[in-house]
1. Any idea which residue in segment 218-232 is farthest from residue 245 (Cα to Cα), counting only those that are open to solvent by less than 10 Å² (accessible area, probe 1.4 Å) and of a type outside the set (A, V, I, L, M)?
2. If I filter segment 49-67 down to residues being without any contact (Cβ under 8 Å) to a residue 24 or more places away in the chain and outside any loop (DSSP other than H, G, I, E, B), which single residue comes out as farthest from the chain's Cα centre (by Cα)?
3. Taking the condition open to solvent by less than 50 Å² (accessible area, probe 1.4 Å), part of a helix (DSSP H, G or I) and at pLDDT below 80, does residue 80 pass?
4. Could you check segment 9-48 and list, in sequence order, the residues that are assigned to a loop (DSSP other than H, G, I, E, B) and over 14 Å from residue 127 (Cα atoms)?
5. Of the residues 506, 556, 550, which is of a type outside the set (Ser, Thr, Tyr), under 20 Å from residue 442 (Cβ atoms) and surrounded by 14 or more Cβ atoms within 10 Å (Cβ to Cβ)?
6. Can you run down the residue pairs with Cβ atoms below 7 Å, 6 or more apart or on separate chains, where the first is in segment 510-527 and open to solvent by 20 Å² or more (accessible area, probe 1.4 Å) and the partner is outside any helix (DSSP H, G or I) and of a type in the set (Val, Ile, Thr)?
7. Restricting attention to segment 348-368, does a residue exist that is polar (S, T, N, Q), at pLDDT 90 or above and closer than 23 Å to residue 429 by Cβ?
8. Which residue pairs have Cβ atoms under 7 Å apart, sit 6 or more places apart or on different chains, and have a first residue in segment 489-509 that is touching a residue at least 24 places away in the same chain (Cβ under 8 Å) and a second that is open to solvent by less than 10 Å² (accessible area, probe 1.4 Å) and of a type in the set (Lys, Arg)?
Amino acid sequence: MNVLVNRMVDQGLIDESVARGISGLLAGGEPPSRAFTTCGVPDDTLLRFLAKELGLMFVELDHQEFSKEFLAQFPARILLDKHVLPVPGHDGELLAVTSNPFDTSAIDELRLGTGRDFQVALAPLGEIDRCLKRYLGVGADTVQSMISEAGENGFQVIDTEADDDMDLTQAAEGASIVRFVNQILTEAIESRATDVHIEPFEETLRVRYRIDGVLQEASVAPEIKQFQAAIVSRLKILAKLDIAEKRVPQDGRIKIIIAGREIDVRVSVIPMLYGEAVVLRLLDRSSVLLGMDKLGMSERDLGIMRIILERPHGIILVTGPTGSGKTTSLYAALAQINDIQRKIITIEDPIEYQLHGVNQIQVSRKAGLTFASGLRSILRHDPDVVLVGEIRDSETAEIAIQASLTGHLVFSTLHTNDAPSALTRLVDMGIEPYLVASSLEAVIAQRLVRTVCPECRAEMSASDAMPLRRRFGDQLPAMLYQGVGCRRCQGTGYRGRIGIFEMMLVTDELRSLILENTSAPELRKVAARQGMKSLRDDGFRQLHLGRTTVQEILRVTKDEMFEVNGLAGVEQTEKKR
């Protein structure tokens with residue numbers, strides 16, 4: 001071992017003092033694997049050195065392709081417990097990839113378990129575990145335990161239609177079921193997922209994570225299907241739902257702490273054709289609250305927003321679909337004006353962030369506390385600023401408007417596709433046009449676009465860019481970027497998201513048009529003439545800054561010219577062809 005230590009010194013990997021430390025650990029009986037990891041050399045570099053000195057192969061696992069069927073030949077328990085990965089080599093030989101060349105017990109156990117011979121190869125532990133998780137599935141070791149426990153306890157297959165709830169309760173509380181559910185939640189949080197979808201089909205149980213707004217399938221062992229009902233029951237128990245009720249939808253909440261982070265999990269269970277489907281919405285209460293300048297607004301929009309926030313009364317609406325960052329924008333706005341001179345009260349469902357100095361109310365339908373009833377009570381508490389989590393009905397809209405007309409600054413969200421549609425939506429809800437015109441100060445439509453992964457960002461090739469340049473011409477910058485895909489972004493080419501905005505300031509001209517019950521397309525034309533940029537235009541601004549891709553902008557925005565021209569433009573194009 002000391003020869004290896006001296007060679008590391010000769011090659012400049014470590015200095016003499018580190019070498020003496022390693023030699024001292026070895027002399028004291030410390031295992032070589034642990035002694036060498038104290039040297040401070042990165043795993044990749046250390047293992048390449050050891051492979052060369054010991055005459056072993058170093059394997060680039062990112063470049064290895066093999067199937068789940070190949071790994072199914074080997075005992076999952078050994079692979080996961082010992083962190084060893086079988087890989088097909090040249091001329092039919094098998095490699096056993098490990099991160100510890102000094103401990104051959106894992107390889108020996110694999111040889112005994114399969115009756116096959118292996119050549120030892122090296123790769124970093126993190127890469128080995130990533131490959132095992134990708135090909136064997138989340139909690140594959142736990143699935144093996146679940147199968148063993150099921151056999152011992154006499155419930156080998158749990159029927160999704162079973163009525164024996166005592167057995168199902170027992171199964172849901174089994175150590176392996178508990179561990180598997182914990183592993184699903186832990187991986188989702190580590191992957192920055194906002195939602196977990198557990199979906200039953202005839203022969204499979206599919207698990208998907210929504211990461212950066214896009215669903216990605218998680219790898220799970222096919223055997224997990226037989227434990228479907230126990231997994232759902234475990235989640236119901238955590239959410240304090242009725243596990244005996246399988247015919248109607250149920251909603252609940254779970255509060256968990258993972259790695260010191262408090263996570264609020266909203267649970268929705270709905271009966272489907274092949275059993276109950278579960279969606280878990282993950283809200284990280286320890287998330288850092290963004291400032292106004294971090295949302296991604298242009299200088300123009302940011303300037304308008306700051307002017308609006310200084311107004312003493314009126315309504316500011318943020319619109320967009322679920323998961324488009326509306327709440328984050330509203331909280332950033334509240335943080336901007338939160339001072340000792342203003343009383344700010346919010347009513348939300350749920351409370352996603354906790355703001356110091358802001359009075360926050362949680363909606364509770366069971367107790368009769370709705371947005372409308374809560375808002376009435378809030379107004380008796382002498383607020384200066386009110387945040388209503390969402391305007392869902394005409395009653396809430398009317399109270400919010402009355403609050404703005406009586407000297408309050410009101411923030412809220414509305415589900416519309418763009419900013420002009422919010423004006424007509426309020427009228428459709430039964431609000432008089434003159435009330436909408438007199439109370440509304442601004443409407444901000446927004447979406448979230450994924451940003452190109454900084455680790456694997458590369459310039460798009462001319463051949464790939466050519467069709468886009470033919471379609472969009474001068475709207476595109478000179479250089480287009482895309483993510484190639486790497487470990488950090490899980491091969492998607494994207495990591496993180498940023499907002500794109502459509503900021504519509506309600507001017508006197510727009511107020512006159514609202515009084516005339518003007519349509520949303522006409523309102524859009526006037527707002528555009530006054531300087532409003534569409535969501536797609538703002539997306540192209542982010543494109544010019546090199547933050548996102550054309551494909552991502554097209555995914556989350558619509559073509560406003562098509563909306564204006566309608567099918568007539570398409571028909572004219574078809575006639576020309």
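1. 227
2. Looking at residues that are without any contact (Cβ under 8 Å) to a residue 24 or more places away in the chain and outside any loop (DSSP other than H, G, I, E, B), I get 52.
3. Taking the combined requirement at face value, the residue satisfies it.
4. Result: 11, 12, 13, 14, 15, 28, 29, 30, 31, 40, 41.
5. Step by step, each of 506, 556, 550 is checked, and only 506 is of a type outside the set (Ser, Thr, Tyr), under 20 Å from residue 442 (Cβ atoms) and surrounded by 14 or more Cβ atoms within 10 Å (Cβ to Cβ).
6. From residues that are open to solvent by 20 Å² or more (accessible area, probe 1.4 Å), there are no pairs.
7. No: zero hits.
8. Pairs that qualify, where the first residue is touching a residue at least 24 places away in the same chain (Cβ under 8 Å) and the partner is open to solvent by less than 10 Å² (accessible area, probe 1.4 Å) and of a type in the set (Lys, Arg): there are none.
The values are calculated or read from the model by the stated rules, or taken from the named source; none is laboratory data. What you see is a predicted model; the values in this text were computed from it and never measured. When we count neighbours, we look across all protein chains shown, and the Cβ atoms used for this are built from the backbone with ideal geometry, even at glycine. Quick note on the areas: whole protein, heavy atoms, side chains included, nothing else; ligands and nucleic acids left out. Shrake-Rupley method; radii C 1.70, N 1.55, O 1.52, S 1.80 Å.
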